[in-house]
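Reviewing the structure listed below.
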Amino acid sequence: MEILITGGLGYLGARLSKFLLNQGWGIRIFDCRSKNKDFIDEKYELKIGDISDKAKLLDACKNIYCVIHLAGLDQEKCKEDPNLAFEVNALGTKNVLEAAQKSNVKKFIYMSTFHVYGKQNGTITENTTPLAVKEYAKSKLAGEKYLNNFNSTMKCIILRLSNVYGASA
């Protein structure tokens with residue numbers, strides 16, 4: 001079976017791609033970059049494109065079992081351009097979700113962020129109401145809302161990651 005990883009040449013995507021390749025999965029990467037000096041593996045299929053390009057997304061989703069959606073802007077870029085943050089992190093997520101549905105993808109995993117909770121007192125659980133304040137968190141939470149309101153037979157999973165640490169690619 002095939003897995004599509006959007007943003008698969010980024011820090012987390014490159015590591016996840018390698019891990020899944022080693023587990024025997026077929027990997028297709030959809031990324032706006034064509035190279036990652038720390039990630040060279042000829043066993044994956046690379047499709048170059050932007051998540052705003054619906055036609056390229058639809059092509060990338062062909063014959064895919066699961067989409068792992070990592071592509072998006074980081075916190076600094078979101079702070080610099082809040083409009084672009086919404087375009088990429090929210091509307092881009094919607095585009096990937098729609099392409100996956102049209103291609104009969106069975107599972108969709110969205111990497112959101114712990115930052116959607118903002119500053120809260122006490123213990124934070126999955127039942128804690130988000131208080132997204134910064135543009136990055138707002139744009140990722142908007143992406144979550146697209147998944148939560150999406151009418152599909154596709155299984156959708158949202159993961160709210162905390163900080164990922166390491167040298168960027």
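If the requirement is being of a type in the set (A, V, I, L, M, F, W, C) and touching a residue at least 24 places away in the same chain (Cβ under 8 Å), which of these qualifies: LEU12, LEU20?
It is LEU12.
Candidates are the residues of the range 121-157 that are part of a helix (DSSP H, G or I) and among the aromatic types (Phe, Trp, Tyr); the one that is least open to solvent (accessible area, probe 1.4 Å) is TYR136. Summed over the range 51-63, residues that are surrounded by fewer than 24 Cβ atoms within 10 Å (Cβ to Cβ) and assigned to a loop (DSSP other than H, G, I, E, B) total 4. One residue stands out in the range 67-83 among those that are open to solvent by less than 70 Å² (accessible area, probe 1.4 Å) and over 12 Å from the mean Cα position of the chain (by Cα): the one that is nearest to TYR11 (Cα to Cα), namely GLN75. Evaluate the following for LEU84: is it in a helix (DSSP H, G or I), touching a strand residue (DSSP E or B) at 6+ places or on another chain (Cβ under 9 Å) and within 25 Å of LYS140 (Cβ to Cβ)? Considered against the rule, which asks whether it is in a helix (DSSP H, G or I), touching a strand residue (DSSP E or B) at 6+ places or on another chain (Cβ under 9 Å) and within 25 Å of LYS140 (Cβ to Cβ), LEU84 comes out as no. Regarding the range 18-39, can at least one residue be identified that is among the small types (Gly, Ala, Ser) and closer than 17 Å to GLY143 by Cα? No, that holds for no residue.
The values are calculated or read from the model by the stated rules, or taken from the named source; none is laboratory data. This is a predicted model, so every value here is computed, not measured. Methodologically, a virtual Cβ is constructed for each residue, glycine included, from the backbone with ideal geometry; neighbour enumeration extends over all protein chains shown. Each accessible area value is taken on the protein alone, full model and side chains, heavy atoms only, with ligands, DNA and RNA left out. Shrake-Rupley method; radii C 1.70, N 1.55, O 1.52, S 1.80 Å.
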